[in-house]
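Read the structure below first, then the notes.
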Amino acid sequence: MPFTSAGGPPAAKPHRRDQILNAAAGLFARHGFHGVGIDEIGAAVGVSGPALYRHFRNKDAMLSEMLTSVSEHLLEAGQRTVEAAAGDAEAALHRLVRFHVDFALDNPSLISVQARNLANLTEPDQRRVRGLQRRYVEVWVEAIRKVHPDLDEPTARAAAHAVFGLINSTPHSRHLDRDQMAALLYRMAVAAIAAPDLPSARLADDTDLATG
């Protein structure tokens, strides 16, 4: 299915299969996977529900392709983003942040569906999607550790997930316009990634003060 990203080339007109997936993503994000029927998806793209079976065997197959394709896209684009930095570790990490911010803001329905509907996949599809997601996280872990070489892997992995949580929690925000939100998320995410440089003992002291 097609994905959008600010600053990229104009998206090609989606084929019928992609139109179906885009419509399904929007409906799943608003009503949940189980709250949407085949007829509703068909109506959203101007065809009868049964006509969808020419493209997908069932609603489960739509969700599977949707989540697999978004996970493949994140991994492949993340890898290309790092490679484009040509060995500049800090630039690679900042480009990763920019890429993920743009993806989240430009594809809010996919972010919501990915977060809420993984459990609705079959077990084999869940394993495939989780495997792709883990590989995308490792792109971030490697990029973070190149900027913070003293950081251990578990902390870098926790930092990556924390940044995802920050960025992915706001795709439907209407408090700012799209560009303002992108700038805010970028600044906040970059600042969050810098936080692991704090000594662990200092973090422990701050935690004690906060809880004591």
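Structure summary
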| item | result |
| --- | --- |
| Flag for S5 being at pLDDT 90 or above, surrounded by 12 or more Cβ atoms within 10 Å (Cβ to Cβ) and either part of a loop (DSSP other than H, G, I, E, B) or not β-branched (V, I, T) (or both) | no |
| Options V101, V97, V113: the member that is modelled with pLDDT under 95 and touching a helix residue (DSSP H, G or I) at 6+ places or on another chain (Cβ under 7 Å) | V113 |
| Pairs with Cβ under 7 Å, 6+ apart, first in the stretch 127-152 and over 27 Å from I111 (Cα atoms), second open to solvent by less than 100 Å² (accessible area, probe 1.4 Å) and basic (K, R) | L151/R145 |
| Which listed residue, of A119, A115, A86, is open to solvent by 20 Å² or more (accessible area, probe 1.4 Å) and under 13 Å from the mean Cα position of the chain (by Cα) | A115 |
| Selection within the stretch 45-83 - surrounded by fewer than 13 Cβ atoms within 10 Å (Cβ to Cβ), modelled with pLDDT under 95 and not hydroxyl-bearing (S, T, Y) | G46, P50, R54, R57, N58 |
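The values are calculated or read from the model by the stated rules, or taken from the named source; none is laboratory data. The shown structure was predicted, so the numbers you read here are calculated from the model rather than taken from an experiment. Neighbour counts run over all protein chains shown; Cβ positions are idealised from the backbone, glycine included. In case anyone asks, the SASA skips ligands and DNA or RNA and just uses the protein heavy atoms, side chains included. Shrake-Rupley method; radii C 1.70, N 1.55, O 1.52, S 1.80 Å.
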